[in-house]
Amino acid sequence: MNVLITGGSGLVGTRLTQILLANGFTVSHLSRKPTNTTGKVKIYHWDIENGIIDEKALLEADYLVHLAGAGIADEKWTEERKKEIIDSRTKSLRLITASLQTLPHKIQAFTSASGIGFYGADTGEEHISEQYTAGDDFVAECCTQWEAVADEIQNLGIRTSKLRIGIVLSTKGGALPKILLPVRFGVGAALGTGKQYQSWIHIDDLCELFIKSLTDESMNGVYNAVAPKPVTNYELTKTSAEILKRPFFMPNVPAWTLKLVFGEMSIIVLGGNYILNQRISLETDFQYQYSTVKKALESLL
């Protein structure tokens with residue numbers, strides 16, 4: 001079975017590709033800069049701005065995964081950058097949708113990434129399940145538009161799942177290396193109050209969840225893609241320091257410092273979300289490899 005991935009060269013896409021290949025799937029990617037490769041992954045060209053896509057990629061696919069999108073925490077949030085973050089997620093998927101409307105494709109299931117930011121960047125200590133409504137900040141607006149475009153593919157009669165992803169724990173990218181950098185130098189510290197909850201998931205569990213959402217015909221709709229036990233920023237940083245055998249005694253990094261450096265984007269690290277994986281735990285038989293943050297960090301570090 002062939003899985004077509006957008007954003008296949010990113011953090012999640014790279015690891016998902018590795019795990020899919022190890023499990024006997026064939027994998028193809030859509031890329032703005034396709035390379036002539038003799039590797040195991042077929043690379044097809046698309047040009048989102050000019051509405052160009054190699055239709056062969058869609059005709060060969062049995063499953064579709066949408067991961068493409070500009071990094072939400074890579075640059076300061078100017079109005080131009082905000083537009084780029086949203087457009088990179090929505091325009092790309094609309095191009096696929098338009099193509100599928102006219103092609104005799106055989107795609108059985110589609111899974112789109114989304115984020116727990118759907119509920120807002122800071123929901124405090126409230127325990128949030130999939131039934132909660134969207135927040136009202138930029139991150140929520142981004143996720144809302146992202147999911148709305150995913151629904152357009154569902155309207156074509158393709159079984160669709162949307163994974164609202166928490167903080168992805170990986171040493172290859174994402175939040176963890178940024179958290180670990182000061183820890184490795186012995187100056188690790190919690191951010192802001194340190195009490196803000198961080199709902200996380202090990203990258204391998206996330207990739208297995210993507211695969212299950214494609215192959216399990218009972219899965220559809222929205223799922224909170226997080227591990228069972230959220231932790232505070234303080235707990236996450238302290239556990240990292242313990243595993244790396246580094247000191248952890250520095251005072252918390254003040255919120256005003258982070259706001260000065262990152263501006264509006266600082267809400268990503270200062271805000272917190274206690275997200276419940278309700279639908280995964282109650283409606284599926286999915287088994288986490290890494291159900292505690294200590295176990296996840298030990299495997300990575």
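Miscellaneous remarks
- Test for I72: is it among the aliphatic types (A, V, I, L, M) and over 21 Å from T14 (Cα atoms): no
- Here E147, E141, E126 are screened, and the one residue that is among the acidic types (D, E), out of contact with any Cys (no Cβ under 7 Å at 6 or more places or on another chain) and buried (at least 19 other Cβ atoms within 10 Å of the Cβ) is E147.
- Checklist (1) under 26 Å from E75 (Cα atoms); (2) touching a Lys or Arg at 6+ places or on another chain (Cβ under 7 Å); (3) buried (at least 20 other Cβ atoms within 10 Å of the Cβ) applied to S199, failing item: (2)
- Which numbered condition G188 fails, given (1) in contact with a Phe, Trp or Tyr (Cβ under 8 Å, 6 or more places away or on another chain); (2) within 30 Å of H66 (Cα to Cα): (2)
- Condition broken by T97, with the remaining ones in (1) modelled with pLDDT of 95 or more; (2) within 23 Å of N155 (Cα to Cα); (3) more than 22 Å from the chain's Cα centre (by Cα) satisfied: (3)
- Test: residue in region 149-158 that is small (G, A, S), touching a strand residue (DSSP E or B) at 6+ places or on another chain (Cβ under 9 Å) and under 23 Å from I280 (Cβ atoms): yes
- Selection from region 260-290 of residues that are among the charged types (D, E, K, R) and either at pLDDT 80 or above or touching a His at 6+ places or on another chain (Cβ under 9 Å) (or both): R279, E283, D285
- Enumerated strands (runs of 3 or more DSSP E) restricted to region 126-221, each holding at least 1 residues that are touching a residue at least 12 places away in the same chain (Cβ under 8 Å) and aromatic (F, W, Y): 200-202
- Summed over region 225-252, residues that are in contact with a helix residue (DSSP H, G or I) (Cβ under 6 Å, 6 or more places away or on another chain) and part of a loop (DSSP other than H, G, I, E, B) total 2.
- Search result, residues across region 237-266 that are surrounded by 18 or more Cβ atoms within 10 Å (Cβ to Cβ), closer than 18 Å to A121 by Cβ and without any contact (Cβ under 8 Å) to a residue 60 or more places away in the chain: S266
The values are calculated or read from the model by the stated rules, or taken from the named source; none is laboratory data. Everything quoted here is computed from the prediction, not taken from an experiment. Heads up, the Cβs are rebuilt from the backbone with ideal geometry, glycines too, and the neighbour counts pull from every protein chain shown.
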